[in-house]
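To start, the structure itself, in structure tokens.
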Amino acid sequence: MLDFIMDRRSIRRYTDKPVPEEMVEAMVRAAMYAPSAGNHQPWHFIVVTDRNLLEEVPGFHPHSAMVPGAAGMLVVCGDPARQRHSEMWVQDCSAATQNLLLAAAAQGLGAVWLGVYPREDRMSGCRDLFRIPQEIVPFSMVPFGWPAEHPSRPERFDASRIHRDRW
Ligand SMILES: Cc1cc2nc3c(=O)[nH]c(=O)nc-3n(C[C@H](O)[C@H](O)[C@H](O)COP(=O)(O)O)c2cc1C
């Protein structure tokens, strides 16, 4: 039942096949169902499909060479003014990003989480390219597409990291 969680991998190579708009919307919909502190949902999502924009991303993000080859990309942005629990927007946007990845995987798509916040250079590059207002914080980017690589599930379970009742 939980295989789709364990079998999700970061996918960095994609085929040329376009991704239907409904699948992209399903990813964003799943992200909007993520838990958030006080249920304030302090997020926005930019759906990027303009190839000229995708090609600009490696210019400001050092680990994003896959972006120009992606069918599209979602930018998760935090909106701290929407929440009353100081700094919790970071956890909220993390949960939303994870939901995007799981929704991509559940639909047979490949995607990868690219960290943006709290790196100032990546945040300003992202802000400039996508014209994000100053009060909104670019948090992560998720390029996606049909997978052209199929990494297998690594073994990660580690019983030594589990502590019972007390450390
Ligand atoms: C906060 C965060 C930032 C990440 N940033 C990048 C990145 O900039 N470029 C990249 O290729 N992968 C990035 N990743 C993906 C990780 O490299 C990947 O999740 C990790 O190697 C585990 O592999 P898996 O996702 O296939 O399980 C990031 C993941 C997280 C959670």
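A residue that is more than 13 Å from the ligand (Cβ to nearest atom), among the aliphatic types (A, V, I, L, M) and modelled with pLDDT of 95 or more occurs somewhere in the range 144-157. Take R8 and decide whether it is within 16 Å of the ligand (Cβ to nearest atom) and within 15 Å of the chain's Cα centre (by Cα). Answer is yes for this residue. I'd like to check something: does the range 51-61 contain any residue that is surrounded by 23 or more Cβ atoms within 10 Å (Cβ to Cβ) and touching a Pro at 6+ places or on another chain (Cβ under 7 Å)? The answer is no, given that none of the residues of the range 51-61 is surrounded by 23 or more Cβ atoms within 10 Å (Cβ to Cβ) and touching a Pro at 6+ places or on another chain (Cβ under 7 Å). Taken across the range 66-79, residues that are more than 14 Å from the ligand (Cβ to nearest atom), outside any helix (DSSP H, G or I) and surrounded by fewer than 16 Cβ atoms within 10 Å (Cβ to Cβ) do not occur at all. Inclusion of D121 among residues that are acidic (D, E), at pLDDT 95 or above and more than 22 Å from E21 (Cβ to Cβ) is warranted.
When A159 is tested against (1) without any contact (Cβ under 8 Å) to a residue 60 or more places away in the chain; (2) surrounded by 17 or more Cβ atoms within 10 Å (Cβ to Cβ); (3) farther than 22 Å from E56 by Cβ, exactly one condition is not met: (2). Taking first residues from the range 44-69 that are modelled with pLDDT of 95 or more and partners that are more than 16 Å from the ligand (Cβ to nearest atom) and in a loop (DSSP other than H, G, I, E, B), the Cβ contacts under 8 Å between residues at least 6 apart in sequence or on separate chains come to H44/D79; H44/I136; I46/I132; T49/A71. Taking the numbered list (1) at pLDDT 95 or above; (2) assigned to a loop (DSSP other than H, G, I, E, B) in turn, V24 passes all entries but (2). Please work out if S94 is hydroxyl-bearing (S, T, Y), more than 10 Å from the ligand (Cβ to nearest atom) and either in a helix (DSSP H, G or I) or at positive phi (or both). The answer is no for S94. For the range 128-145, filtering for residues that are closer than 15 Å to R8 by Cβ and among the aromatic types (F, W, Y) leaves 1. Within the range 104-143, the residues that satisfy the criterion of being assigned to a loop (DSSP other than H, G, I, E, B), away from the ligand (no atom under 12 Å from the Cβ) and either of a type in the set (D, E, K, R) or free of Cβ contacts under 8 Å to residues at least 40 places away in the same chain (or both) are G108, R131, P133, Q134, E135.
Which residue is farthest from D121 (Cα to Cα), if the candidates are limited to the range 40-65 and must be in a loop (DSSP other than H, G, I, E, B) and within 11 Å of the ligand (Cβ to nearest atom)? Filtering first and then ranking leaves A65.
The values are calculated or read from the model by the stated rules, or taken from the named source; none is laboratory data. No experiment lies behind these values; they were computed from the predicted model shown. As a convention, Cβ positions derive from the backbone with ideal geometry for all residues, glycine included, and neighbour counts pool all protein chains shown.
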